[in-house]
Structure formats: structure tokens, C-alpha cells
Amino acid sequence: MPPELNRQNELKKKVLCEPCSGIQRHWRRAPGHAELVQGANRRESRESGHATITAYRCDRCGTVWEYENNKADQHAGWSVVGG
Ligand SMILES: [Zn+2]
């Protein structure tokens, strides 16, 4: 891994709490964690049809997550908003 990328990863780890940093991103049906508080749902169009996106906020570290539920995309899942 290039040093630049390593440094970026370290910075990210400081922002995310331990359970958040354990979430597997961009993987369908990966679990979240117990301190995520569910927010609003929205629907978005994808090439393959509709996806439902649910916002979550971590009660511990304040990170805002989105979970994309898209049956057609194995790589839709958790992502950090603005991260
Ligand atoms: Zn967190």
C-alpha cells in the first residue's frame, strides 16, 4: 500500500468508532451494528431497477451511514456519507 493511502486510512480510523470501522462496506447484506440509529428511507433508480437507501447515524461517533438495498447489485451496501 502506498504511504499516502496508509495515512488516509489512519485518518479515517480516528473518525470512526470501533463498531463502525468493523462494518464491511459495499457488500450486500453486511450487518451494521447495534448503535446505529435508523433514519429516513429513499428510493433511487439504478440501471437494474430501484434501490432502497436507508440512512443511519451512529450514536457513538456520529458517523452518517447509508445502506443501499439493491437485489441486483452484490456490491451495494454500506457506505459512509461524505466519507
Ligand atoms: Zn460509530
Simple spin-label estimate for residue 47 and residue 59 in nanometres, 7 Å along Cα-Cβ: 4.0 nm
With a 1.4 Å probe and all protein chains in place, put 59, 73 in order of accessible area, largest first. 59, 73
Enumerate the calculated ³J(HN,Hα) couplings along the stretch 72-82 in order (Karplus 6.51 cos²θ - 1.76 cosθ + 1.60, θ = phi - 60°), each rounded to whole Hz, writing x wherever the residue is Gly or Pro. 8, 10, 5, 9, 8, x, 7, 8, 7, 6, x
With every protein chain in place, what's the accessible area of residue 26 (1.4 Å probe, Å², nearest 10)? 100 Å²
Ranked order, 47, 18 - accessible area, probe 1.4 Å, largest first: 47, 18
Proximal charge balance of residue 67 [Cβ under 11 Å; K/R count +1, D/E count -1]: +1
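The values are calculated or read from the model by the stated rules, or taken from the named source; none is laboratory data. Here the structure is a predicted model, which means the values were calculated and not measured. Glycine gets a Cβ as well: all are built from the backbone with ideal geometry, and neighbour counts include every protein chain shown. Just so you know, the surface numbers come from the protein's heavy atoms only, side chains and all, with ligands and any DNA or RNA stripped out. Shrake-Rupley method; radii C 1.70, N 1.55, O 1.52, S 1.80 Å.
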